[in-house]
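Take a look at the structure below.
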Amino acid sequence: MERVVSPVDGGEKKVQTIGIIGLGYVGLPTAIGFLDAGFSVWGVDISERTVEMVKRGENPTGDPDLDNIVPQPGTDNWNITTNAAEAVPNCDVILVTVPTPVTIDLKPDLSFVASAGRTVFESIKANSNTIVVLESTVYPGVTAETWVPIIEELGLEIGTDVTIAYCPERFNPGDPARGVRQVARVIGCPDEKVGARLVSLYSQLTCEDVRYVGAIEVAEASKVIENVQRDVNIALVNELAQLFPEIGVDVEDVLDAAATKWNFHRYTPGVGVGGHCIPVDPYYLIQRAAQVGVPTELITAGRAVNRTMPNHVAKIIHELLYQNGVEAGLGKALLLGWSYKAEVGDPRETPAEPLAASLMEKGISVSAWDPHINDDDFPENITVIDDIYSAEGFDIAILVTAHKACVELQWERLIGQMRNPIFYDGRRVMDLQLLQELGWKTFAVGRPIK
Ligand SMILES: NC(=O)c1ccc[n+]([C@@H]2O[C@H](COP(=O)([O-])OP(=O)(O)OC[C@H]3O[C@@H](n4cnc5c(N)ncnc54)[C@H](O)[C@@H]3O)[C@@H](O)[C@H]2O)c1
């Protein structure tokens, strides 16, 4: 990604200093984006490692788009600290970009939103009317329900000392064409004037539409349903990928045929969804719906389909190995890619992990190669391959992540390293005909195996 620096012109009432709380996949590019747009930036993170790396001008995330754009030490208007109390009093607007994961029982974990909010509100100057914007993905109601009690407890007055708002982040990591400076934004705020001020602020960050949508809850709900929609759409093709092979039809042929109709939306099946958004955010809406007693059968079913996809694929792999004479308990699988999505070194919620666990439960040992993932980010029970062309003795190679490095492997060379030349395309991106010509026995998600 290239940085486009566009200094702010001298407008009448310009916001000058922006604070970003949480310098992860979302917060760091946002901070850099505001710096490039001509603002003074304070970046805060509780992680010493993150702060030290950012201070040194290094990229602490697995998003390669950030590799060469982290500002170098000594850059003007670029202040990085672990201490929110040092940063907050300098800022006109503070953006909170902290994680919103789910707990082990799949309930929203709002502890980061609460604790980051508290550290910010504790340091706000009286009468400063500092604007604090939550950017993390949440269900409708979280910003006010979580932050207003803290604001009241601290004796701050809304509209005088602080105003809260919500503006979800929508950029796509690993996709330089949809970075923080290229995506449309929506803003929810109970104070219309502050909403207009935020529209003006974000319009200097992004070249796309920035829209005030009224209530915070509208903006919160809009973000969560974007990811719910993707989860449900992907779940539909994943369910079809389980059905059609059983009736002798390749799901991709069916989808190609259906896509000739003007209003058919084409999605591609795969080994499962991952990352910090799609497998997580639907649980936020499910929780909110449960609170008001409304069933979410479709959303819940979509989640269940995508969640079980790695097990489905593991079952097929097990069957394939059996059909090809690999004795039970002796199979060796090579996973190509571990990250949840192509070109990003992000292992969060990757479907590779439940896929590997399910294969191992079936007695198949698992090795994995992913040039974007650090060795430390693999689970301990996975054999990590550093040099793909020196590994050997596998019974099946499974494409898990469509990294260019995986798709463009020297397949004619890799086949020589296999004990059995079986290939399974878990992303439907390979030219299977070509691989067959090289001697591979090819299989794919959604394709009949007989
Ligand atoms: N990653 C994405 O693609 C993406 C896209 C759109 C929206 N989102 C949403 O944005 C939010 C952030 O996601 P992310 O991927 O950047 O997470 P992340 O884990 O990469 O980064 C969050 C950062 O916040 C820091 N942090 C946690 N508590 C803190 C505190 N109290 N004070 C200061 N720093 C704190 C963490 O140390 C971490 O560096 C989530 O709600 C996510 O759903 C993510």
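None of the figures in this text is laboratory data; all of them are computed from the coordinates on show. If you're wondering where the values come from, they're calculated on a predicted model, not measured in any experiment. With ideal geometry, Cβ positions are generated from the backbone for all residues, glycine too; neighbour counts draw on all protein chains shown.
Here are the numbers for this structure:
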quantity	calculated
Label-to-label distance, nm, for residues given as Ala85 and Asn172 (7 Å Cα→Cβ offset)	4.4 nm
Exposure proxy order (Cβ contacts within 10 Å, fewest to most) of Cys207, Cys277	Cys207, Cys277
Length-normalised contact order of segment 17-216 in % [C-alpha pairs under 8 Å, at least 6 apart]	18 percent
Cα-Cα over 27 Å, subset of Lys315/Lys441; Lys341/Lys450; Lys125/Lys193; Lys315/Lys341; Lys223/Lys315	Lys341/Lys450; Lys223/Lys315
With eigenvalues of the C-alpha gyration tensor scaled by 5 and rooted, segment 236-278, Å	20, 16, 6
Among Asn374, Asn90, Asn227: highest mean-square fluctuation, GNM of the chain, C-alpha pairs under 10 Å	Asn374
Size of segment 135-255 as Cα extents on the principal axes (Å, biggest first)	67, 33, 22
Contact order normalised by residue count of the chain, Cα under 8 Å, 6+ apart, percent	11 percent
Net charge dipole size for the chain [Lys, Arg +1 and Asp, Glu -1 on Cβ; Debye, nearest 20]	720 debye
Packing-based exposure ordering (other Cβ within 10 Å, fewest first) of His312, His372, His403, His265	His265, His312, His372, His403
Relative contact order of segment 334-417, pairs being alpha-carbon contacts under 8 Å that are 6 or more residues apart, as %	40 percent
Cα-based Rg and Dmax for the chain, where Dmax is the largest Cα-Cα distance (Å)	23.9, 76
Angle between the chain longest axis and helix 192-205 axis [Cα atoms, degrees, rounded to 10]	60 degrees
Cβ charges +1 (Lys, Arg) and -1 (Asp, Glu), total dipole of segment 111-209, debye	340 debye
Rg and Dmax [Cα atoms of segment 17-216; Å; Rg one decimal, Dmax integer]	15.8, 45
Per-residue Cβ neighbour rank within 10 angstrom, fewest leading, Leu298, Leu335	Leu298, Leu335
Inter-centroid distance (Cα atoms) of segment 141-194 relative to segment 108-134, Å	10 Å
Cβ-derived FRET efficiency at R0 56 Å, Lys193 paired with Gln417, nearest 0.05	0.30
Dipole axis of the chain (+1 Lys, Arg; -1 Asp, Glu on Cβ), positive-most option in Ala165, Val44, Ile286	Ile286
Using alpha-carbon coordinates, inclination of helix 281-291 to the longest axis of the chain, degrees	70 degrees
